[in-house]
Every structure is written in structure tokens, then in C-alpha cells.
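A.B. asks: So that we are looking at the same thing, I have put the structure below in C-alpha cells.
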Amino acid sequence: MSEKPIVTKGLKKVLGFGSLFIITIGLVVSQASVVSILQGAGLGGGTFFIAIFIAFLLTICYIATYSELSLMMPKAGSISTYTAVSIGHFPAIIAAISAYVAPAIFAGPAELLLLQHVLDSIAPGSFTNIALLLLWVFTILNILGIDLFASIQSIISYTMLVTLLVIGFAGFTATTPHGATAIQIWQDLSHSGSSVFSLILVALWPFISFEVVCDLIEEAKNPQKHLPKAMFVASITMLFVYSLIAFTAMRQVPAEQLANTDIPHWVLGKALFGNAGKIIIAVLAITTTSGLISSALAAIPRLLYGMAHHKQLPAIFMRLHPKRKTPWFGILVLSGLITIPMLIFGKNPDALLMLLISAASCWLLTYIIAHIDLIVLRKKYPKHQRPFKSPIFPLLQVVGIAGMAYAFVNNAPTPELRLKVYINTALFIGSTAVFAFLWVKYKMKKGLFKAEGIEQAIKD
């Protein structure tokens, strides 16, 4: 019996610039990103500001690339669509699953367990299973509708931004620093040497994933105008916020305390506000984690939805809620995949951290693939309509490829951990490659590297 096609009426266009901007912020800012910035401030002092700026420039490179690609092919599949048209379905499936699904499976649990750790530090034993509860509350909210999600996300993300700014400006204006003085920070900055390159990876993690908002393109009211603007404005906003937080941390907390703790934001909160800092850091922990989990549950199932439309995944991922028009099956699958590592690695955070770094390494490789996609498509379809064109082509793409390759090679602080990360990354990509090979060759019955026509990809 042949499989009956699943008919859908498409996603609802409800997202304006404000919603896209705040969703983008929620996709990027997490407890892990704040921890990375604060630990980088402890490790590098003033030198870390150069690393932050280099990370920002690499971010601008990939945002420019994704802006052009997404508006050339405005489909929810994002990287899977772009890569299928440029170099074929086999690398498209590898790029999408290895770089977005795998990091979500491990970054989500890490973020949720970090929230659990912070709340247990405030009130031991009072928040048992809060991480799992939060995950499934946002699962239900995302199934209920993207417009409801966007409203809640706005409240969460704006609260998070205000909290970060309160912490940043409180330390900026404090007259009795307990860490480095402004003069010492400036001396570190003005006498930076090659050590700055060892900090680039630490600074880059907090700028990863602005492009995931492209998976919501079919639900944007005016994507040509608002999607690139949302990503660029969000990146500039976070450059300012991260720099402010780093400066505050350098001034208010001794460097060794920042560098040698798993919860430096907790240390900073106590240094600035004493016992009242518990409430502020709790708000920060809850909002950053909620924003990340909620945004991931909104964006990644849309990626799976788009892949299913291109027949790169089973057709069931195309199923939409009959009333809410949300990809409910993909949302439930992703929530289940996040839940499993939480139950397995909840008592072993060191192993989870290693897997998180491994998954993030896959993400860096996908940025390289995206830049290659754009270079190929510029040559392959020179006359295709491009509502946004990446400036000074191909300089941003070449710089982006080189920067992401450097970050991947230097993806861990020690050779031993780096080897484990390489092994885990190879396992992620290898297992995905096996699935992609079997699926493309025997289910799709297509050549592994046979590119899809761009008109067909947009039509699907």
C-alpha cells in the first residue's frame, strides 16, 4: 500500500519585526552564554574584549550569509534547503541534523540542569524536577500556537535583557571594585598579544545561533524587510550587553573566582547585591533558560517540517495541528529527545558538558557549509532574485569559513578533552551520515550529491 500524502495548509504568518527580534535574542542568550562571557572575562581580562569583537565580526559574516540564503529560498527548512540546492540532499541532511538537532538534544539538558543547579543553590531541595516541568510547559505552549509563544517569549526575553542591563550598569557605576580597576583593564586591552586567539572560542559560543530564526520565515509577516534586520540588530544588542557584563564582572569579582566556578553569574550577583542577588540571579537563570528552551522548541521543529517537505525526513514531520497550525509532532519529538539526556546525564554534568562542546563543534561545521552554499549559489544562480545580498562578496564568506575552522580546531582547552570532542563530533556526523546515505539512496532514490533545482525547492 502506498503512503497517503499528508496535506497541510501551511504555517500562519503572524510574526513582525519585534517578535522576530526578541525570538532571536531568546535563541542566543542562555545561562551557558552568560557563563561563557563571565569565565572569559576572568581568563582574559581586558584582552577578552578583543575576542568578543572578533566573535561579533564572525557573527556578522554568518548573518549576512543566512540573510541572503533565507530570502532566496524562503522555506522553513533553512540549511537543509540551501544545501540541497547547492550541493545535494546527502550533505543537506547531515548539515541540518548534526548542527541543529544534535546541539539541541545536549544544549537543552545542559541549560535546564544549570537552572536546577542555580535554584538548588538558593533553596536546596525546593525545586526538584523544575527543569523537566519547565521543558514540558513550553512544549505545550509551543503546540498551542506561535502567536501565543511569541507573546510569552517577548515577556521572558525583555525581562532577561532588563535583568542583564541592571546587573551590568550596577557594576559599571559601583565606586568600590573588588576585581581589576579600569586602568588595569585598559592596560590588558592595549597590550593584548597572541593570547587573544585562545579566547575566541569562549567568546564565540554566546554569539552562536542567531540564524535559527530563519526557520520561522514562513511565519514572518514581512521577512524581506524584518528577518535580516532582526538578526543584525539582535547581534549588535548582544555585543553591547556582553561587553557591559564582562566589564562589570572584571571590576567586581577577582579574575580567579570568575574563571574557576561553574556558576560565575551567581558569584557576580552576590558580589553586587549581597543576599538580594539571589533573587536577581534566579530571575536571570529562569528567563535565560526559558527563552532558550522555548525558542528552540519553536524553531527546530520548523526545520524538521521543512526537511519533511523536501522528503528528507518522514512525512509525519509535516503534520500540523489542525487548529493551531503548529508542527506538533516535531515539537513532541524534540522534547522527548531533550528529556532522555536529562534523565541519563543528570547526575554526571561533566559528561554532559563534553557532549555539549561536541555538538557545538558540529554547529561550527554547518556555518562553514552555509558559507560554501552561498559561494556555490552565487555562481550557479547569478540572476536569481536576491532581496538581500551579502556585501563585499565573497570576503565575508572567506573570513567566516576561516574563523569557524579555527574555532573548530581549537574547540577545547586541553588536548585530552579536544580528542574526546573530536571523537564525539565524528560520532554525531558519522551516525547522521549513515542515516542520510540510506535515506537519500533508498528512500528518496536520488544521487547523494545531486543538487535540487531551486524552483522545485521553493515550491515544495
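Bear in mind that the values in this text are calculations on the coordinates, not laboratory data. Since we're looking at a predicted model, the values are computed, not measured. All Cβ positions, glycine included, derive from the backbone under ideal geometry; neighbour counts span all protein chains shown.
A.B. asks: By the scheme Lys and Arg +1, Asp and Glu -1, what is the net charge of all other residues having a beta-carbon under 13 Å from that of I331?
C.D. replies: Local net charge: +3.
A.B. asks: Taking the Cα centre of the chain as origin and charging only Cβ (+1 Lys, Arg; -1 Asp, Glu), how large is the dipole, in debye to the nearest 20?
C.D. replies: Using only the charged Cβ atoms, the result is roughly 1700 debye.
A.B. asks: Would you work out which of S243, L364, I458 lies farthest towards the positive end of the dipole of the chain, given +1 charges on the beta-carbon of Lys and Arg and -1 on that of Asp and Glu, about the Cα centre?
C.D. replies: Checking the options against the dipole of the chain, the answer is I458.
A.B. asks: For labels at R324 and N275 in the simple 7 Å Cα→Cβ model, what's the distance in nm?
C.D. replies: It is 4.2 nm.
A.B. asks: Order these peptides, 82-89, 202-209, by their mean beta-carbon neighbour count within 10 angstrom, highest first.
C.D. replies: 82-89, 202-209
A.B. asks: Let me ask something else. Excluding A180 itself, calculate the net charge of residues whose Cβ lies under 15 Å from the Cβ of A180, where each Lys or Arg counts +1 and each Asp or Glu counts -1.
C.D. replies: Counting the neighbours of A180, the net charge comes to -1.
A.B. asks: Still on this structure: Using the structure shown, select from K225/K459; K420/K445; K221/K389; K379/K459; K225/K383; K225/K311 the pairs with a Cα to Cα distance greater than 27 angstrom.
C.D. replies: K420/K445; K225/K311
A.B. asks: Which log10 I(q)/I(0) values does region 18-90 give at q = 0.18, 0.23 Å⁻¹ under the Debye formula, counting every alpha carbon as one identical point scatterer?
C.D. replies: Debye intensities relative to I(0), on a log10 scale: -0.90, -1.08.
A.B. asks: How large is the Rg to Rh ratio of region 10-53 when both quantities use alpha carbon positions and Rh follows Kirkwood?
C.D. replies: 1.25
A.B. asks: Also, I was wondering about something else. With a Förster radius of 56 Å, plug the Cβ-Cβ distance of F435 and V399 into 1/(1 + (r/R0)^6) and report the FRET value to the nearest 0.05.
C.D. replies: Working from the Cβ atoms, E equals 0.95.
A.B. asks: Applying a 10 Å radius around every beta-carbon, put 44-51, 62-69 in order of their mean neighbour count, most first.
C.D. replies: Listed from highest to lowest mean packing, they are 62-69, 44-51.
A.B. asks: Let me ask something else. So, with +1 on the Cβ of K and R and -1 on the Cβ of D and E, and no other charges, what is the size of the charge dipole of region 362-460 about its Cα centre, to the nearest 20 debye?
C.D. replies: 420 debye
A.B. asks: Hey, another quick one. Helix-derived [θ] at 222 nm for the chain: sum -39500 (n - 2.57) over DSSP H runs of at least 4, divide by residue count, nearest 500?
C.D. replies: Calculated mean residue ellipticity at 222 nm is -23000 deg cm²/dmol.
A.B. asks: What list of whole percents do you get for P(r) of region 226-285, with Cα-Cα distances grouped in 10 Å bins up to the one holding the largest distance?
C.D. replies: The percentages, shortest bin first, are 21, 41, 25, 12, 1.
A.B. asks: For the chain, with the dipole built from +1 on Lys and Arg beta-carbon atoms and -1 on Asp and Glu ones, taken about the Cα centre, which of G400, I50, I375 lies farthest toward the positive end?
C.D. replies: Among G400, I50, I375, the one farthest towards the positive end of the dipole of the chain is I375.
A.B. asks: With unit charges on the beta carbons (Lys and Arg positive, Asp and Glu negative) and the dipole taken about the Cα centre of the chain, which residue among L119, T326, L427 sits farthest to the positive side?
C.D. replies: T326
A.B. asks: Order these peptides, 267-274, 183-190, 98-105, 324-331, by their mean beta-carbon neighbour count within 10 angstrom, highest first.
C.D. replies: The densest-packed peptide leads the list: 98-105, 324-331, 267-274, 183-190.
A.B. asks: Return an integer: the convex hull volume of the alpha-carbon atoms of the chain, in Å³ per residue.
C.D. replies: Considering the Cα atoms of the chain, their hull volume per residue is 136 Å³.
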